[in-house]
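Asker: One structure, pasted below without further comment.
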Number of protein chains: 2
Amino acid sequence: MLLVGWNKRVQRGFPGPGWKNTTQQIIMSVLNIDLSFRSHTCGELRPADVGEEVTLCGWVQYLRQDLFVIMRDFSGLAQILIPQDEDKMNLKTALCDLPPESVIRVKGTVRLRPDGQENKMPTGEIEVLAESVEILNVCRKLPFEIKDFVKKSESLRMQYRYLDLRSSQMQYNLRLRSQLVMKMREYLCNVHGFVDVETPTLFKRTPGGAKEFVVPSREPGRFYSLPQSPQQFKQLLMVAGIDRYFQLARCYRDEGSKPDRQPEFTQVDIEMSFVDQAGIRGLIEGLVQYSWPVEKDPVSTPFPCITYEKAMKDYGVDKPDTRFAMKLMDISKTFHNTEIEFLKDALNQPGGCIQAICIPDGAKHLKGKDHESLNFHSPDFHYFLPQRPLLGKLRLQCAELLEGSGVAVRDPSAFHFLWVVDFPLFLPKEEDPDQLESAHHPFTAPLPEDAHLLYSLPHKVRGQHYDLVLNGCEIGGGSIRIHKASDQQHVLETILKEDPSLLSHLLEALDSGAPPHGGIALGLDRFLSIIVGAPSIRDVIAFPKSFRGHDLMSRAPDFVSEDELKSYHIAVNWPYIKAHIC
Amino acid sequence: MLLVGWNKRVQRGFPGPGWKNTTQQIIMSVLNIDLSFRSHTCGELRPADVGEEVTLCGWVQYLRQDLFVIMRDFSGLAQILIPQDEDKMNLKTALCDLPPESVIRVKGTVRLRPDGQENKMPTGEIEVLAESVEILNVCRKLPFEIKDFVKKSESLRMQYRYLDLRSSQMQYNLRLRSQLVMKMREYLCNVHGFVDVETPTLFKRTPGGAKEFVVPSREPGRFYSLPQSPQQFKQLLMVAGIDRYFQLARCYRDEGSKPDRQPEFTQVDIEMSFVDQAGIRGLIEGLVQYSWPVEKDPVSTPFPCITYEKAMKDYGVDKPDTRFAMKLMDISKTFHNTEIEFLKDALNQPGGCIQAICIPDGAKHLKGKDHESLNFHSPDFHYFLPQRPLLGKLRLQCAELLEGSGVAVRDPSAFHFLWVVDFPLFLPKEEDPDQLESAHHPFTAPLPEDAHLLYSLPHKVRGQHYDLVLNGCEIGGGSIRIHKASDQQHVLETILKEDPSLLSHLLEALDSGAPPHGGIALGLDRFLSIIVGAPSIRDVIAFPKSFRGHDLMSRAPDFVSEDELKSYHIAVNWPYIKAHIC
C-alpha cells in the first residue's frame, strides 16, 4: 500500500453507496482528512468517539430550542450542544442569530446524549458540546429550504442547482455515479488491460449529420462539428493496434426540444480487436456485475439473450421489459373457422393473424374507462399494420393500468437485463421503401452465415448488432464491425448509395491492416437513472439543461455581439429581418 | 478479489510501463484473454511456455529468408517459424506473398530457438512453429513503413495517424497516459474521497472571452460557448456541498494558430472545501508521487516552494527551470564607483541595477557566434526594462548554447518540481496601466495578511495563487478562492470595473452558504509530454490537430452547406464578397 504517511486513521462510516468488501473497499474507506480544516466529518461520529476533541465544518441545518445546532456536511448530520454557561453567552448569541445554511466550524468534545434523547440517525447516540464556533459564511434568505420533503418546481431546482444538489438524494446520485464509473474503469483498465484514450470532440461534420452541432472556425466558411459518438475514432484506434480501447466519452446531439434528452451526454465507449459477439457480451456482463452497487441485489450472468424476431413476436418491441410476462399470443388457429366478421377479414389479409394479450385477472382489475383508454389508438385499431408494435405499446399500457389499480406487475427493485441480437442489417427507407438504409449504422458486419447475401439479397442480411436492454430501456448497443475495405465500400456505395469519398480516410484505414474488431457503447446517464430509480436523466447529471436545451442558472445559450462573431466570419440571420424584406 | 471465473491465468510480462508492486499491480497484470481469439499475446512468450499450443493474432512486421514471420501485437514481437514440409507448402506460399502489416492468426507450438539463434528481444529465446495460419486482412502498400527508425514528416504522421500510432513510442505514450490517469483517479477517488463530477461543455459565453469557441443554437442569435475551464462549475459544486470534486476535464481554447497549443486539451481539475494552500499542495504532491511511473526515479516530496518575487529575482521568470543554477546575480555594488559609461548610466536610473549570469567555464565553451546570438535581443539590450525577464531568457539560451557545445547542463532524466507562490493579485493593464486586471482570474482570494489592503491598496495585495512548475514549464495552477459574495463583488465591480450582473449567479451562490474552498488544475497533456520527453504535446494525444487547428486525416474543419446552417440562423460572411462590394 502506498498510503503510509497519508492516512492517519481509518474513517468509520464512510457515507454513500458501499461496495463489495475487497481490498479496494478498504482503500476507499480511508480518507485523509488532514488535508482539510476538520478533524472528523459530521456523519462519522459514534459512541466510540466519546471524549474526543473534534473539529467539524459544515452547514447549519436548523436550530432547536436555542440549545442545539443540527450541523450537516456531505457525510451526514451531527447534533451540536450549545453551552448555556454565562461565559459562553457570545457563542450562544452568535449561533442563535445565524440563518440556516450558514457555514460554521465548531470545536468541541463528543459526549453521549443523555438517556432518552438518543434517536435513530446514524449519529443519534452522541452529541458534540461546543467549545468554540467560527462563522465561515453567513447565508442569505434562500428561494427554498434544503429539506428533502420540500417540493420544488423543476425550473426552480435548475435555476438554483447549487442548492438542489445539497439534497441527500442528489448527493447520493452524484456520489453513486462517481463510484460506479470508478469501478467500471478499474474493471476495464486494471482487470482487462483496456487503454483509456481521449478522442477529439472538434471533428469533421458527418454528411447529412443533421443532429450535429457546428462550431465555426476562424477560416471563413469552415466549421468543426461536435460528434454524436467517437465511432470513427474507436475503429481507427483498432487499426492503430491499440487492441482494447475505452473512454467515458462526451457526446453531442442537437435534437432541439425533446423531453429527457440532453444536448450533451456521456457514453461508456468500448472497442476491442480480435473479438466476436460472445466476447463483447461477456465483457459487458462482467462490467455490470463488477460495478453494480453492493446495496442492490447482485446481478446474475450471463444475461438472457433473444433475437430481434423473437422480441418482436413475443413483446411487440425490440427492447422488451421482461420484468413481467403478458406476452403477445397468436390465437389465429382458434379462429380459423370463425364467423365473426372483423376477425375473418383480418385472417383473410396476406400475413393476417389474430394476436392477444392475456391479462391475469384483467376482467377484475380493468374498469370501463380503462377499456376506453386501451381502445384509444384508433377506432379501426384492429386492422392496423404493423400490428405488433401497437400490441407492444398496449402491453405496457395494460401494465400501467394494472399498477394504477394496485396490482403489482413490475417489481421496482428488480433489474432485468436482456440482450437483443440478430437485427436486420438494413431496413427500407421510410421516404423511399425501394432504397435501403442501415438499421443501426453502416459499419456493422453481417452475421457470418448471412455474409454471402450482402452481394445478392442485402435486405435479408442480419447484422452482428447487439442491444443491451434493462427493464424495457435500451441502455447500450454495439456491433462487430466490417473490417475489410471492399465490404465497407460495397455497403456504402452499392447498397446505401452514399458517396464513399466522404469516408475515404476510414476506407483507407481498413485497407491498411485493420484487425477484426467490435465494440459497444453504454448510455451512462440512462443506466444510472434506472439504477437509482430517477424519473429523469437530469437527476443523475450535475448541471443538466432544461428540455429546451437551456441552462436556467447561467441563461445559456445567450446572445453574442456581432463584433464577437466577426472573427468567425458568421452573421445571424434574424427572422424578423427576413420578414421585413419579404 | 472479484476476478474468480474471469481470469483463467496470470499473464506474464505484461507490457508497457510498470507500476509499484501493490495489490493493484497484481490486478493489472492479469488479462482475461478468453474474451478474444488469441490464447496468448505475442510479447509474453518465454521459455516456460515451450511445448504449449498457442494462438496468436497480430500484424506481419516482416518476413525473413522465406523462413520466419516476425509477428507483432501491442505487447511486442514473436518469431513464427514457417514449416518447410511438402504438405505445408500452401502455408508457406500464403505467408511469403503477404505484404507487411497484413493481419494474421497463427496456431502453433512454442519451442526453443536452436543454439546460437537466440537474440535479446524479450521473446528472443523462443519461436512458434506454425501449424495453421489464417489471413484476417491483407494490407495495401502503405505511405510509410511501420519501423521506429523510419523518419516521417509531421504532416504525413498526422494524415495517417492510425499508422503512426502503431510505433512503439506512440503505443508507449498512450498506454502510459491511460495508466497514469488511472492511478490519479485511484488516488483522488479511492484514497481521498473525491467525487468525479462531469460538468457541461455547452455553456454561456464569458463576457470578453475572445478565446471561447461559440456554438450556434436553434434559437436565432443565441450561442453556447465551449468553456476554457470548468472554473464556475467547480466552485458551484463546493457551494453544493460536494466537498471534494475532481474531473479529467476537456477544455477548449481558440487561439488561432499557435504552435504546440491544441484547440481542445485536458486538465486534471480539482476543488476542495475547508482547505488551505498547504492542504492543496500536499494533495498534489501525493498525487504526483502516487501516479508517477515506476520506471522513473521516485519523486520526493514536499516540492520546493519559492515566492514569485524570489523566482523573478533569481531566475528572471515565474516558472524557473531549477535543474541548473546560473542564477541572476546583482552585481551593482561592485560597480558603484565604476567609470564605465553604460554601467554608470544604468545605475543612475531609478531602480537601476547591474545583473549578471555566471556561466561556468563560459569563456571556454562559448564561441564568437554564441556571443553574437546572445546579443541578438537588441543593440541596446542592456538598457531594456524590465531587464529581469530578458535575463531569464538569456539564462535559458546560455544553457542551450552550452548543451549545444556538449556541456551537460540539464539532466534530461531529472524532474524538478517547484511551487511558485505569493503572486501579485492584480497587475496594471497593458493598454491602460492605471487600471488593474487579475494576474490569474478574479476568483483568487488575497493572502490573509494582505486582505485588509484589498479595500485600500489593491495593487499591493498578494494572492493565494500557486503554480506548479516542472523543469521550467508551468504544469498547473490554482488558488484559494474568494468565498464571500461581498469580497467577490468588490473585486469585480470596484477593482476590475466589470459588470457584476454578468456573474450574478456566482455571486448569488457565494451568498447561499459557500464554504471556504480552493483548487487547482493540472495540464495533463503538457505534464505527460515532459514525463515521456516528447518535443510536442501532439505526441501524447491520440488524434491531435495541426498547429493551424486542422485534422489532417479527416480534413476538419470543413465547409458546411448554407442549407445546413439555416437551422442555426447563421450565414457565412465571405471575405471576397466584402471585397467585391467595396
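Read-outs throughout are calculated quantities, based only on the coordinates presented, and are distinct from any laboratory measurement. Note that the structure is a prediction, hence the values are computed from the model and not measured. For neighbour counting, all protein chains shown are included, and Cβ atoms are generated from backbone atoms with ideal geometry for every residue, glycine included.
Asker: Over all distinct Cα pairs, what is the inverse of the mean 1/r for the range B:25-166, reported as the Kirkwood hydrodynamic radius in Å?
Answerer: Hydrodynamic radius (Kirkwood, Cα pairs) of the range B:25-166 is 16.1 Å.
Asker: Based only on the alpha carbon positions, what is the Kirkwood hydrodynamic radius of the range B:324-409, in angstrom?
Answerer: 14.0 Å
Asker: To continue, here is another question. Under the rule a/c < 1.5 gives rounded, and otherwise a/b versus b/c splits prolate from oblate, where does the range A:105-165 land using the Cα gyration tensor?
Answerer: Verdict is oblate for the range A:105-165.
Asker: Distances in nm, one decimal, shortest first, from residue A:310 to the same residue in every other copy, taking the label point 7 angstrom along Cα→Cβ.
Answerer: Nearest to farthest, the other copies are at 7.3 nm.
Asker: Please report the antiparallel percentage of DSSP beta bridges with both residues in chain B, rounded to the nearest 5.
Answerer: 90 percent
Asker: With +1 assigned to the C-beta of every Lys and Arg and -1 to the C-beta of every Asp and Glu, and no other charges, what is the dipole magnitude of the range B:324-409 about the Cα centre in debye, to the nearest 20?
Answerer: Dipole size: approximately 220 debye.
Asker: For the range A:523-540 and the range B:513-582, what is the separation of their Cα centres, given in Å?
Answerer: So the two Cα centres are separated by 31 Å.
Asker: Can you compute the FRET efficiency between residue B:427 and residue B:501 using 1/(1 + (r/R0)^6), with r the Cβ-Cβ distance and R0 = 25 Å? Round to the nearest 0.05.
Answerer: Here the calculated transfer efficiency is 0.50.
Asker: Could you tell me what a quarter of the Cα convex hull surface of the range B:448-492 works out to, in nm² with one decimal place?
Answerer: 4.0 nm²
Asker: First measure r as the distance between the Cβ atoms of residue A:547 and residue B:141, then evaluate 1/(1 + (r/R0)^6) with R0 = 41 Å and state the FRET efficiency to the nearest 0.05.
Answerer: 0.20
Asker: If you build the Cα gyration tensor of the protein assembly as shown and take the root of 5 times each eigenvalue, what three semi-axes come out, in whole angstrom, biggest first?
Answerer: 51, 43, 32
Asker: Here's a follow-up. Helix-only estimate, please: 222 nm mean residue ellipticity of chain A, summing -39500 (n - 2.57) across DSSP H runs of length 4 or more and dividing by its residues, to the nearest 500.
Answerer: Rounded to the nearest 500, the figure is -6500 deg cm²/dmol.
Asker: Can you bin chain B into rounded, prolate or oblate? Criterion: square roots of the alpha carbon gyration tensor eigenvalues sorted a ≥ b ≥ c, rounded for a/c under 1.5, prolate for a/b above b/c, oblate for the rest.
Answerer: Cα axes put chain B in the prolate bin.
Asker: Could you line up A:42, A:353 from fewest to most neighbouring Cβ atoms inside 10 Å?
Answerer: Going from least to most buried by this count: A:353, A:42.
Asker: How many nanometers, to one decimal and shortest first, lie between the label point of residue A:260 and those of its other copies, if labels sit 7 Å from Cα toward Cβ?
Answerer: 5.0
Asker: Which one of B:461, B:329, B:132 has its Cα pushed farthest toward the positive end of the charge dipole of chain B, where Lys and Arg give +1 and Asp and Glu give -1 at the Cβ?
Answerer: B:132
Asker: With r defined as the distance between the Cβ atoms of residue A:299 and residue A:407 and R0 fixed at 30 Å, what FRET efficiency is calculated, to the nearest 0.05?
Answerer: Computed FRET efficiency for residue A:299 and residue A:407 comes out at 0.70.
Asker: Between residue B:154 and residue A:148, what is the label-to-label distance in nm when each label sits 7 Å out along the Cα-to-Cβ direction?
Answerer: Reported label-point gap for residue B:154 and residue A:148 is 5.7 nm.
Asker: Continuing with this model, one more query. For the range A:313-330 and the range B:50-87, what is the separation of their C-alpha centers, rounded to whole Å?
Answerer: Comparing the Cα centres of the range A:313-330 and the range B:50-87, I get a distance of 51 Å.
Asker: Lysines within cross-link reach of residue B:484: Cα-Cα under 17 Å, excluding same-chain residues under 8 positions apart?
Answerer: Within the straight-line cut-off, residue B:484 pairs with A:141, B:234.
Asker: Show the residues, 5+ positions off or on another chain, whose built amide H is closer than 5 Å to the amide H of residue B:437.
Answerer: B:427, B:429
Asker: Kindly identify the range B:358-481 as rounded, prolate or oblate by the Cα gyration tensor criterion: order the square roots of the eigenvalues as a ≥ b ≥ c, call it rounded if a/c is under 1.5, otherwise compare a/b with b/c, prolate if a/b is larger, else oblate.
Answerer: Verdict is oblate for the range B:358-481.
Asker: What is chain A's relative contact order, in percent, from Cα pairs under 8 angstrom and six or more apart in sequence?
Answerer: Value for chain A: 12 percent.
Asker: Run the dipole for the range A:470-582 about the Cα centre, Lys and Arg Cβ at +1, Asp and Glu Cβ at -1, nothing else charged, and hand back the magnitude in debye, nearest 20.
Answerer: 380 debye
Asker: Averaged across A:240-251, how many Cβ atoms of other chains sit within 10 Å of each residue's Cβ atom?
Answerer: 6
Asker: Can I ask one more? What are the nm distances, shortest first, from residue B:218 to its equivalents in the other copies, labels at 7 Å along Cα→Cβ?
Answerer: For residue B:218, the other copies' label points sit at 3.2 nm, shortest first.
Asker: Quick one: check the C-alpha center-to-center distance for the range B:192-210 versus the range A:185-259, whole angstrom.
Answerer: So the two Cα centres are separated by 19 Å.
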